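Notes for the one structure printed next.
Values in this text are rule-based calculations from the coordinates and carry no lab data. Values in this document were obtained by computation on a predicted structure and should not be read as measured data. Note: ideal-geometry Cβ built from the backbone for every residue, glycine included; neighbour counts use all protein chains shown.
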Amino acid sequence: MGKEQNPRRVADNEAFAKAKMLRTSPQKLNLVAAMIRGKKVEKAVSDLTFSKRRIAGEVLKCLQSAIANAENNHGLDVDSLVVAEAWVGKNLVMKRGRPRARGRYGKIMKPFSEITIKVRQLEERA
């Protein structure tokens, strides 16, 4: 009885996590995502922990969520995980403004963005 299980959106040796509504521009968030792409997860966690960028803490939470998903939901080995992909997308833009000279209006755009981190388990080489 009950519903059928949803098919997996990633391969058997992968897991992912997504963080939405991050209060930074996608361009700035992509610099942090590029910092961890292709690295082993323990190296990526240490890089994000000691990064001076403000948004690195939110990216670290998303990475730790992806690691937890891999371990608990898919039974993957944490020690052999690698950040396979990390991509950034746009989200909404809050539009604010302030008065300028000669009766004009200066636009202030406050963008939000989202990040998706996919981790993959590497096979052990003999």
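Tabulated values for the structure
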| read-out | value |
| --- | --- |
| Rounded, prolate or oblate (a/c below 1.5 giving rounded, otherwise prolate when a/b exceeds b/c) for the range 45-87 by Cα gyration tensor | prolate |
| When the convex hull of its Cα atoms is projected in every direction, mean area for the range 14-121 (nm²) | 7.2 nm² |
| Segment Lys43-Lys18, extension gain: residue separation times 0.36 nm, minus the distance between their alpha carbons | 7.0 nm |
| Dipole of the chain, positive direction: furthest Cα of Val10, Leu29, Gly75, with charges on the beta-carbon | Leu29 |
| Extension gain (nm, one decimal) between Glu71 and Arg96, 0.36 nm per residue minus Cα-Cα | 4.8 nm |
| Ratio Rg/Rh [Cα only; Rh per Kirkwood] for the range 1-52 | 1.12 |
